[in-house]
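One structure is given below, encoded as structure tokens.
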Amino acid sequence: MTIGTTSFGFRYLLQDPRRAPPLEAVLEQARSLRLDSLQICENARPLELSPAEWKRLMSRARDLGLEVELGCLTLDAEVLARYIERACETGRNTLRAVLEVEGGPPPAQDDLERFLAGAAPRLEQAAITLAIENHFHVPTATLAQVAAPYPASLVSFCLDTANSLRNFEPPEQVFRNLSGRAVMYHLKDYSVTGTNISFCVSGAPLGEGQLELQSCLERILARHADPHVFIENWVPSSGDWQADVAEDHRWLAISLGNLREALAEA
């Protein structure tokens, strides 16, 4: 199993661009945790790097022995084209994508269908697989429908274990709808408190919340000989930047330890 985190594993470190370190430092932090891979997503602002800076970053990742993947959040064809170009330089053939507009309304199904129809020729030409991540606003059944006309080599899924709770979809339903095309996984744990009238979903280190981690791993390992999994955490903010950065790091270390223990049992 290839174990990594995404740049959301360093959420608070990267949140404020005025305080965020160079991405080379994030690569080094990921490798210091003995991670195999880092998925650089939109919160790390990868398109703000010049082409030369991006090439240097990829060179540094190779020197560290760290796989790099790329992730985006967009429904803009030209933005996607720029991400595809950058993804081609990672040495990987996948691009994780959240098909939403930052701060915008939930997209309609026909918006997603038009976007994919325009994206497919570019993806095919670049030999890149788009891995659509289930997120907050689009039901997984809708994602399955819009992906169905395309080969899995072109349009697949990044399966997140917690994001679809916003749509009242538990992980079992997400696996049922998306696992047939899943090429990567975001493992994220959570706790649900309250009643069926009023409840709250909050984060927990992987293996310490209500996610049935062992069951998830069994499902993943049944489909893939060498799955790519990325740990993410919903770490609550204290309002103190340094404390939040430290807590992100602590949760990530705990989650990694718990995942490795669970894998040993699996």
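General observations
Rundown of residues vs (1) more than 20 Å from the chain's Cα centre (by Cα); (2) within 24 Å of ASN233 (Cβ to Cβ), yes/no style:
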residue	(1), (2)
ARG122	yes, no
THR129	no, no
THR142	no, no
ALA148	yes, no
GLY180	no, no
GLY209	no, yes
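- Across the range 21-54, the qualifying residues are those that are under 24 Å from THR74 (Cβ atoms) and polar (S, T, N, Q), and the one among them that is surrounded by the most Cβ atoms within 10 Å (Cβ to Cβ) is GLN39.
- A single member of ALA243, ALA225 is over 24 Å from LEU95 (Cα atoms), without any contact (Cβ under 8 Å) to a residue 24 or more places away in the chain and either loosely packed, with under 13 Cβ neighbours inside 10 Å or more than 16 Å from the chain's Cα centre (by Cα) (or both), and it is ALA243.
- Meets criteria (out of contact with any Leu (no Cβ under 7 Å at 6 or more places or on another chain) and at negative phi) for GLU67: yes
- Subset of the range 147-191 that is touching a strand residue (DSSP E or B) at 6+ places or on another chain (Cβ under 7 Å), under 26 Å from PRO121 (Cβ atoms) and among the small types (Gly, Ala, Ser) - its residue that is surrounded by the fewest Cβ atoms within 10 Å (Cβ to Cβ): SER153
- Test for ARG166: is it of a type in the set (Lys, Arg) and either farther than 21 Å from GLN210 by Cβ or in contact with a Gly (Cβ under 6 Å, 6 or more places away or on another chain) (or both): no
- Residue satisfying condition, being aliphatic (A, V, I, L, M), within 30 Å of ALA108 (Cβ to Cβ) and in contact with an Asp or Glu (Cβ under 9 Å, 6 or more places away or on another chain), within set VAL201, VAL155, VAL174, VAL192: VAL174
- The condition of being of a type in the set (Gly, Ala, Ser), touching a Lys or Arg at 6+ places or on another chain (Cβ under 8 Å) and touching a residue at least 60 places away in the same chain (Cβ under 8 Å) does not hold for SER179.
Since every read-out is calculated from the coordinates, none of them should be taken as a lab result. All values reported here derive from a predicted model rather than from experimental measurement. In this analysis, Cβ positions are derived from the backbone assuming ideal geometry, glycine residues included, and neighbour counts consider all displayed protein chains.
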